[in-house]
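Everything on this sheet refers to the single structure shown next.
The values are calculated or read from the model by the stated rules, or taken from the named source; none is laboratory data. Bear in mind that the values here come from a model prediction, so they are computed numbers and not experimental data. Here the Cβ is made from the backbone with ideal geometry for all residues, glycine too, and neighbour counts use every protein chain on show.
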Amino acid sequence: MEDHLARELRTILEACHRRGIVVFVIGAFGVRAYGSLLRHTLDLDLAVERKVWPALAEVLEAQGYHLSPADIWVTATKGDGEGTVEVHIALGRVTDVHSALSYPVQVEPGTQRSLSDSNIVLPVFTLEGLLITKLIALRDNDVVDIVALLSRHADRVDAQRFWDRAAAAALELGLENRLAELEEMLEGGEVDAIWWDRLGLMLDESERQAALEVVRHLQDYAGLGRP
Amino acid sequence: MAVAHAYSPRRRLAWLARRLVNLDGPYLITGPQAAYEYHRWLTPLENLVTLQVHAEDVPVWRQVAGEGCLVFETLPTMAQVYAVQAAIVLNPTLEPKRYQRRRVVDGLAFVAPEDLCLDLVERARGETSLAEAAAILIAQRDSLAWDVVLDEAERRHLSHRLGALLEAINAETETDLMSLKVIEDLCHRANTDRLPPEEAAYPPGRHQSVPPTYQPIAERWGIRLTLPRYVISKVIFDLQPQWS
């Protein structure tokens, strides 16, 4: 199943590469690129700057996708019934509809990472960019992804880069609030409940503590660095 | 939703099937593996299975361990699951009637979708359990034994919570996707069923306000339905090819 999705993704990325289209893989595959094999839904999520969307649309249509545009994203669909492949493309900004907070694709430099269970190389958001997109939404699945990412990459989160991106996206205040919310959830046991509810597993105390330390470090850095 | 058809239990749980060959005691696959079997929506962790077994059979089921497979009798952590090729969690609460209702797929015994839905409604401590319950209700709505769902919901004092969930699905789809007759029947049963604590949020957790759209539903069923609307609307969006 996921092999099929990975192949589909590889085909799209190769076509984009040939045409020089800069596209980012976000969503479940974006998280998987950082080694987190968690539960996820079976679709592909991409983000592009608006100016390159016409070119990506041509690529997708050439591969048989039907495009359903919305304001801030496009759903590209191929096949039908249970064999349907869906690709969701964020145009210009990765937006959390609920909070209306959004992260502009143009401020994200991106990076390349390989999936651990295949040889496919994905253009993805940097760790800090990925964390920002997860923090602005902060739904239960985002909380689980954030805790998994922070506990696994605690020593790789760069606070300067995080707040630079936040400033470029005008998200400083929103992210400060989200970090405070996450800190409270980590301290009060709410994250343990969310973790159990989603995964059916216990959250290891060392993982919880590692995530909490990074959250506090990011908060402290904001406090020190801002007038 | 994408390419779910290729993800059959025969392939997904081949490692488990090989281990069960020499054990013929009653068991049910529950948890995320069973949920995925019924909704084809949120994938399970591939190397983790929860087996519901009779309490007296636990010593027998410990024998499944070995060759990279670990058997847990308490909930493991992610690190413990990542460290092994396969992990089995034993849940020693299997009851005969539940076993009778099992579904057998590719030779593997799964908890019935009716029981699993109610398990998820009962255990919800966040957004995921109710999202998965909604996904199963939508995906299996034409094949569920609704009389069993109603009887078991009443027996387990879950009529109010299930009724609210069914109505929330209809509110989000703006259709009568969940049968009005079922909801009406559930409402009658809820009148005599024990009411959940009035002050308690459902699901318990960080969300404390009832979304305005759900306010009439919450009042009708006597519970504080604090589930954010995006939870069910995401399920509906993803499963749209199956119901629209």
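The residues on offer are B:VAL53, B:VAL71, B:VAL49, and the sole one that is more than 20 Å from the chain's Cα centre (by Cα) and either more than 14 Å from chain A (Cβ to nearest Cβ) or modelled with pLDDT of 95 or more (or both) is B:VAL71.
Considering each residue of segment B:138-157 in turn, none proves to be surrounded by 15 or more Cβ atoms within 10 Å (Cβ to Cβ) and within 30 Å of A:GLU181 (Cα to Cα).
Selection of segment B:200-227 for residues being within 13 Å of another protein chain (Cβ to nearest Cβ) and closer than 18 Å to B:GLU174 by Cβ yields B:PRO211, B:LEU227. Here A:LEU186 passes the criteria (1) touching a residue at least 12 places away in the same chain (Cβ under 8 Å); (2) away from chain B (no Cβ under 14 Å) except the one numbered (2). Where strands (runs of 3 or more DSSP E) sit wholly within segment B:50-163, those with at least 1 residues that are closer than 20 Å to A:HIS40 by Cα occupy B:86-91. B:ALA134 passes every criterion in (1) surrounded by 24 or more Cβ atoms within 10 Å (Cβ to Cβ); (2) on the phi > 0 side of the Ramachandran plot; (3) of a type outside the set (Lys, Arg) apart from (2).
Between B:VAL121, B:VAL105, which is closer than 21 Å to B:ARG194 by Cβ and either surrounded by fewer than 21 Cβ atoms within 10 Å (Cβ to Cβ) or under 14 Å from the mean Cα position of the chain (by Cα) (or both)?
Details: B:VAL105 fails: closer than 21 Å to B:ARG194 by Cβ.
Going through B:VAL121, B:VAL105 in turn, just one is closer than 21 Å to B:ARG194 by Cβ and either surrounded by fewer than 21 Cβ atoms within 10 Å (Cβ to Cβ) or under 14 Å from the mean Cα position of the chain (by Cα) (or both): B:VAL121.
Within 14 Å of chain B (Cβ to nearest Cβ), crowded, with 20+ Cβ neighbours inside 10 Å, among the hydrophobic types (A, V, I, L, M, F, W, C) and more than 20 Å from A:VAL31 (Cβ to Cβ): which single residue out of A:ALA70, A:ALA76, A:ALA100 fits that description?
Numbers: A:ALA70 fails: crowded, with 20+ Cβ neighbours inside 10 Å; A:ALA100 fails: crowded, with 20+ Cβ neighbours inside 10 Å.
After ruling out the rest, the residue left standing is A:ALA76.
Taking into account only those residues within segment A:102-133 that are of a type in the set (Gly, Ala, Ser) and under 14 Å from the mean Cα position of the chain (by Cα), which is farthest from A:ALA15 (Cα to Cα)? Among those residues, the one meeting the criterion is A:SER102. Within segment A:161-190, the set of residues being surrounded by fewer than 14 Cβ atoms within 10 Å (Cβ to Cβ) and more than 19 Å from the chain's Cα centre (by Cα) comprises A:LEU173, A:ALA180, A:GLU184, A:GLU187, A:GLY188, A:GLY189.
Evaluation of B:THR30 against the conditions (1) touching a residue at least 60 places away in the same chain (Cβ under 8 Å); (2) surrounded by fewer than 22 Cβ atoms within 10 Å (Cβ to Cβ); (3) within 14 Å of chain A (Cβ to nearest Cβ) shows that the sole unmet condition is (2). Taking segment A:123-186 as the region of interest, the helices (runs of 4 or more DSSP H) fully inside it that hold 2 or more residues being among the polar types (S, T, N, Q) are A:140-152. Looking at (1) within 14 Å of chain A (Cβ to nearest Cβ); (2) more than 15 Å from B:GLN242 (Cβ to Cβ); (3) among the small types (Gly, Ala, Ser); (4) touching a strand residue (DSSP E or B) at 6+ places or on another chain (Cβ under 9 Å), which is the one condition that is false for B:ALA133? Answer for B:ALA133: the failing condition is (4). Restricting B:ILE183, B:ILE169, B:ILE232 to those that are part of a helix (DSSP H, G or I), within 14 Å of chain A (Cβ to nearest Cβ) and hydrophobic (A, V, I, L, M, F, W, C) reduces the list to B:ILE232.
State yes or no: is B:GLN80 outside the structural domain of B:ASP176 (by TED's automatic domain parsing) and under 16 Å from A:TRP196 (Cβ atoms)? Yes: the conditions hold for B:GLN80. Comparison of B:ALA190, B:ALA201 shows that the only residue that is hydrophobic (A, V, I, L, M, F, W, C), under 21 Å from B:ALA145 (Cβ atoms) and in contact with a Ser or Thr (Cβ under 7 Å, 6 or more places away or on another chain) is B:ALA190.
Mind listing just one residue for me: the one in segment A:79-94 that is within 13 Å of another protein chain (Cβ to nearest Cβ) and part of a strand (DSSP E or B) and, of those, nearest to A:LEU13 (Cα to Cα)?
Here is the first cut: in segment A:79-94, the residues within 13 Å of another protein chain (Cβ to nearest Cβ) are A:79-88.
Of the ones still in play, those that are also part of a strand (DSSP E or B) are A:85-88.
Values: A:VAL85: 15, A:GLU86: 15, A:VAL87: 12, A:HIS88: 14 Å.
Once the filter is applied, the top-ranked residue is A:VAL87.
If you go through segment A:208-227 one residue at a time, do you hit one that is crowded, with 16+ Cβ neighbours inside 10 Å, out of contact with any His (no Cβ under 9 Å at 6 or more places or on another chain) and at the interface with chain B (Cβ under 9 Å from one of its Cβ atoms)? Within segment A:208-227 (the criterion being crowded, with 16+ Cβ neighbours inside 10 Å, out of contact with any His (no Cβ under 9 Å at 6 or more places or on another chain) and at the interface with chain B (Cβ under 9 Å from one of its Cβ atoms)), the answer is no, since none of the residues qualifies. Residues in segment A:102-122 that are touching a strand residue (DSSP E or B) at 6+ places or on another chain (Cβ under 6 Å) and of a type in the set (A, V, I, L, M, F, W, C): 3 in all. When the residues of segment A:9-39 are filtered to those that are closer than 24 Å to A:GLY83 by Cβ and surrounded by fewer than 19 Cβ atoms within 10 Å (Cβ to Cβ), the one that is nearest to the chain's Cα centre (by Cα) is A:ARG10.
Looking only at segment A:7-43, count every residue that is more than 23 Å from A:ARG152 (Cα to Cα) and either in contact (Cβ under 8 Å) with a residue 40 or more places away in the chain or part of a strand (DSSP E or B) (or both) and tell me the total.
First, pick out the residues of segment A:7-43 that are more than 23 Å from A:ARG152 (Cα to Cα): A:7-23, A:42-43.
Okay, now just the ones that are also either in contact (Cβ under 8 Å) with a residue 40 or more places away in the chain or part of a strand (DSSP E or B) (or both), so A:8-13, A:15-16, A:19, A:22-23, A:42-43.
The qualifying residues number 13.
If we scan segment B:194-209, do we find a residue that is outside the structural domain of B:GLY31 (by TED's automatic domain parsing), assigned to a helix (DSSP H, G or I) and either farther than 23 Å from A:ASP197 by Cβ or among the charged types (D, E, K, R) (or both)? No, segment B:194-209 has no match at all. Only one of the listed residues (B:ALA164, B:ALA190, B:ALA171) is within 27 Å of A:LEU138 (Cβ to Cβ) and surrounded by 23 or more Cβ atoms within 10 Å (Cβ to Cβ). That residue is B:ALA164.
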